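Please read the structure below before turning to the comments.
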Amino acid sequence: MQLAAERKDQHLALMQDQTDKLNNLQGLKAQLQVATEQTSKRLRDEEAELARTQEAMASASAAVNSTEKRLEAGQLQLRRQQEEYRQRVAELEAGQRQKQKQLDSLRRATALFGDRFSLKFRHGQDELCLVMTDVDVFEQSREFCISVRITDNVYSVTRCDPMVPGLDELTAEVNRTNDFATFVKSVRKAFVGVAKQARGL
């Protein structure tokens, strides 16, 4: 009887030990499941964060590319504008030199024929005012005036006192021939005609 009781106690102790181990295993399994779920959740969160980061990097890269393209286009446009500006400045300088050359020619011509035609000239901005006397035989000191301006290498009359007939034709002729001396002679002749007509001659 004592032997049977001892075996029974051993059996009960073994069963209790196995039960404790099983309980421990189940507890460990539960802990592992919790840890696995936490790890899986962390991995999912990290993957989502990685995806957002990659998307943000792609957007930033696209923005940089777009900015670089706009910058290149802006630089190209700026270079074109600078070249156009340089060309325009060169054209203006060339035009100014030509204008000054023609003004100098006008002044030399008026000085050359001043004494012969009783001609004086007054300088204005980009124009010459030619003042002629000894035109009206009855009033030799009377002044007859014509002002000539040069714009884009073209002669134009800005004032004529008194007005003479055929002035447009005379202006067209001096622009065609660039012979200012002949223009001055023709204008003086026209002034003489106007003066005579006013006197009834």
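The values are calculated or read from the model by the stated rules, or taken from the named source; none is laboratory data. No experiment lies behind these values; they were computed from the predicted model shown. Please note: Cβ atoms are built from the backbone with ideal geometry, for glycine as well, and neighbour counts cover all protein chains shown.
The table below gives the values:
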read-out: Verdict on residue 138 being surrounded by 15 or more Cβ atoms within 10 Å (Cβ to Cβ), out of contact with any Leu (no Cβ under 7 Å at 6 or more places or on another chain) and more than 12 Å from residue 99 (Cβ to Cβ); value: no
read-out: Meets criteria (without any contact (Cβ under 8 Å) to a residue 24 or more places away in the chain, closer than 30 Å to residue 154 by Cα and β-branched (Val, Ile, Thr)) for residue 89; value: yes
read-out: Looking only at segment 104-126, and only at residues there that are of a type in the set (A, V, I, L, M, F, W, C) and at pLDDT 70 or above, the one that is farthest from residue 191 (Cα to Cα); value: 121
read-out: Counted residues, segment 140-163 - those being under 17 Å from residue 118 (Cβ atoms) and in contact with a helix residue (DSSP H, G or I) (Cβ under 7 Å, 6 or more places away or on another chain); value: 3
read-out: Residue list for segment 64-86, restricted to those being of a type in the set (A, V, I, L, M) and either modelled with pLDDT of 80 or more or closer than 30 Å to residue 154 by Cα (or both); value: 71, 73, 76, 78
read-out: Criterion (surrounded by 10 or more Cβ atoms within 10 Å (Cβ to Cβ), over 18 Å from the mean Cα position of the chain (by Cα) and of a type in the set (Gly, Ala, Ser)) met by exactly one of 58, 73; value: 58
read-out: Matching entry among 43, 32, 22, 3 (being exposed (fewer than 10 other Cβ atoms within 10 Å of the Cβ) and at pLDDT below 85); value: 3
read-out: Out of 195, 181, sole residue that is in contact with an Asp or Glu (Cβ under 7 Å, 6 or more places away or on another chain), of a type outside the set (Phe, Trp, Tyr), surrounded by 14 or more Cβ atoms within 10 Å (Cβ to Cβ) and part of a helix (DSSP H, G or I); value: 195
read-out: Tally, over segment 165-174, of residues that are farther than 19 Å from residue 129 by Cβ and not in a loop (DSSP other than H, G, I, E, B); value: 4
read-out: Residue that is farthest from residue 99 (Cα to Cα), among those in segment 162-174 that are surrounded by 13 or more Cβ atoms within 10 Å (Cβ to Cβ) and free of Cβ contacts under 8 Å to residues at least 24 places away in the same chain; value: 167
read-out: Residues satisfying the stated conditions in segment 139-164, i.e. assigned to a strand (DSSP E or B), among the acidic types (Asp, Glu) and either within 36 Å of the chain's Cα centre (by Cα) or over 16 Å from residue 120 (Cβ atoms) (or both); value: 139
read-out: Segment 141-154, residues that are surrounded by 15 or more Cβ atoms within 10 Å (Cβ to Cβ) and touching a residue at least 40 places away in the same chain (Cβ under 8 Å); value: 144, 146, 148, 150
read-out: Residues of segment 133-150 classified as in contact with a strand residue (DSSP E or B) (Cβ under 8 Å, 6 or more places away or on another chain), among the aromatic types (Phe, Trp, Tyr) and over 19 Å from residue 181 (Cα atoms), total; value: 0
